[in-house]
Structures are given as structure tokens and as C-alpha cells.
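The values are calculated or read from the model by the stated rules, or taken from the named source; none is laboratory data. Predicted model, so just to flag it, every value in this text is computed and none were measured. So basically every Cβ, Gly included, is an ideal-geometry build from the backbone, and we count neighbours across all protein chains shown.
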Amino acid sequence: MIKRVLPILFAAAVPLLFLFSLPIFSQTVQYVQAQTNDILVDKQLQRADPVVRVGETLTFTIRIENQSAFTVTTLPLSDTFNTAVLGFATAIPAPDTVNTATGRLDWADLTTFFGDLPPGQVITVVTAFIAEHPATAIVNRAEVHDAQWEDGDLSGGGDADDSGEAIGGSLPLEKRIMDGITPTAGLPLTFTIAITNDGAITTTAFALTENYDPTIIQFSSAVPPPDFVDEMTGILTWTDVTSSLGDLPAFGTLSVTVVFTALTSTTDSINQASISGAVDWYDNDLAGGADDVPITIINQPAPTATPGPTNTPQPGAPAPTSTPIPTATATATAVPAAAFPETGIPPTGITPLTAVLALIAAALPGVLWLWRQRRRLPE
């Protein structure tokens, strides 16, 4: 009977023994995990594009989670950053010490700001930096150290964010002939040079050089005027454009105007402007741009005669006709000598009055003779 019962009891006791042993194993596993990763630190750059421009602000979040089975009562934090790339701006909460020489921020105990950190709870520290210099990577590491609970030490965690690149600014340049101007020999030729700051920080200095062919065009004036003019080789130099036009703000644009006189016609001439020696507020060297403009200069058109005004006939009026102007022609006419009086002036012709007077004069002697003869006759 006993032999039959023992196998049955053994078969029932094995599962019960395994079931009651689970808490022991689970406590052992939890205890080992707490010793290896009591506090989780996760640091991330808060922007979608990891590439930043010099002058832009980078914001990091440091997520700290208590993964132990104990309440954290002391929680120091250190945050190191690459001083060759970043400059500290601000943090929440504010660090207790900031060492800009070594690039380290220290919080002596975050529980003084957030309170004690129970198991499973999370706190977040926010830090902000300014990208001051270009580099291939942004190195920034946060680390919890010397964390404690009521009865002892806890192992801290750390995380580094090196996903990112700080790029320097540049000054692209665009040069063009002013709208509406056709390069013509003997006439002014105006260029505009637009310089743009594509960086996120102010440009404090840059030089501008203008190269031209002095056999094709002659320098006349510029705004602002260049510091040096070499008319033999055709070089205009502005040693620092910002000294005349002021600093160039982030993403801003300024313009320089240059006026030449076209000397002769040509189909092959190059006029180039270029930037050099550009620096920003942090003394970073900026890449300078350049642009050239091919020029075709034409001769001035020959003057043409302006046609005189034409008479336009009004509606209903007859069109004017061209009437030839008569010309005087001298004609020699022979006059008989007997027709000339003693004065030698030819007669001008007989009028009716002249004919009557001549008739009276011719009849007057006869009338007087008859009148006298009548008086002699006896009555």
C-alpha cells in the first residue's frame, strides 16, 4: 500500500515545489538587474535634422528613470560637452557648477529640485547649447554618479549623444548687370553684387574683390567706394565691406553697386567678383563665394535722318495734289524803232480814257476854226 502511495505523493509534490520556488528565483533575478542598471539615463538632441548651423541653439533632454526597487534620495548628475563645438546657454534646473574650460555641468543632487525618486519614476533635465564652431560631430554626455537610496549606493547610468554635425556658414555671391541695360560702347554699364549670409550667426568682416578687363571697360564709380583701384590690371578691392555697410546679420543680404563705362564693342569679356577673409562673431572662417558675368558690348547704332511731317487729309477733304511751281523764263521781244518815243521807253499800252482825251485833242482845232468862221459871217 505504501509503495503505491509514494509515487502519487511525489508526482503531486514536484509541481507544488516548483510553484513555491518562483518568488525566490524572481527576487534573485530582480536583485541582479538592479545592481547592474539601477538608474537609466537617456540623452537625446531635440530636433529632427541633426545638422545644425553655427549660431543655432541645440536643446538636449536628459531622461532619468529609477529602475531599482528602492527610492532614490540622492541623485547627482554631470553633463560634459565638447567646448570645441558647443557653448553652454542654459539648463532646467540650473546646474550647481559650470566649468566652461573643461566643458562640464554638475548638479550636486537633483532630488533637491525634483524630490525623491521612487521606483519606476522618471525626471527630465533640459540643457541648451549654442553651436559656436563647425565640427563633424557634436559630443555631449550625461551621467548619473554616486546615486544613493536610504540604505546604500545605487549604480548610475550614462548616455552620450554624438549624432550631429555643426556646419559653418558661407557667403554666396550673385553678380548681374542691372535690369534694362544693354552693354553699349560709350555708355555706362552698372553691376549689382548681392552678398548673402547663409549662416545662423552674424558676419563681422569680409573682403570683396572685383576683377575686370581695363581694355574693354573703365571703372567710373561704386557704392560703397572701393579702398583700392588698380586701373592698369583692372582690380577693385574692398578690404572690409562691413566697415561701410555694417555687419551682415544671419540670413541677411547686402548689395554693392559698381558702374563702368564700356570702351569698345566685344563679344568676349569676363567680369568677376569674389569674397575672401570672411569671419563670424566666433572668429570662424567662412567660405566665400564668387560669380562672374560674361559681357557682350555692341556699338552704338548709326544716326538716321528723321523724315519730315506729312499732311494727312481729313475725312471728306480732297487729297492735296502737288502743283509744280512756275519758273520765270526771260524772252527777248523785238519792238519796232518807230514805236519808241524820244525817251526811248516803250509805250505801256492805250486805255479808254487815253483814247477819249486823244480824240478831243484831235478835234479841238477844227471846232475852234468853225467857231471863228461863224463869228465873221454877217447876220
Q: Within segment 105-124, track down each residue that is among the hydrophobic types (A, V, I, L, M, F, W, C) and not in a loop (DSSP other than H, G, I, E, B).
A: 105, 107, 113, 114, 117, 122, 123
(Q) So, residue 81, is that one buried (at least 17 other Cβ atoms within 10 Å of the Cβ), modelled with pLDDT under 90 and within 48 Å of the chain's Cα centre (by Cα) or not? (A) yes
Q) If you check residue 89 against the conditions, is it assigned to a loop (DSSP other than H, G, I, E, B) and under 48 Å from the mean Cα position of the chain (by Cα)? A) no
Q: Output the number of the condition that residue 274 fails; it satisfies all remaining conditions of (1) modelled with pLDDT of 75 or more; (2) outside the structural domain of residue 238 (by TED's automatic domain parsing); (3) among the hydroxyl-bearing types (Ser, Thr, Tyr).
A: (2)
Q) How many residues, within segment 46-55, are part of a strand (DSSP E or B) and at pLDDT below 80? A) 2
Q | Members of segment 261-281 found to be within 30 Å of residue 87 (Cα to Cα) and buried (at least 17 other Cβ atoms within 10 Å of the Cβ), listed by number | A | 275, 278, 280
Q.
Of everything in segment 187-243, what is at pLDDT 90 or above, acidic (Asp, Glu) and either over 22 Å from residue 267 (Cα atoms) or outside the structural domain of residue 254 (by TED's automatic domain parsing) (or both)? Give them in sequence order.
A. 227, 230, 240
Q. Looking at segment 192-249, what strands (runs of 3 or more DSSP E) fall wholly within it and have at least 1 residues that are touching a residue at least 12 places away in the same chain (Cβ under 8 Å) and surrounded by 15 or more Cβ atoms within 10 Å (Cβ to Cβ)?
A. 203-211, 217-223, 235-238
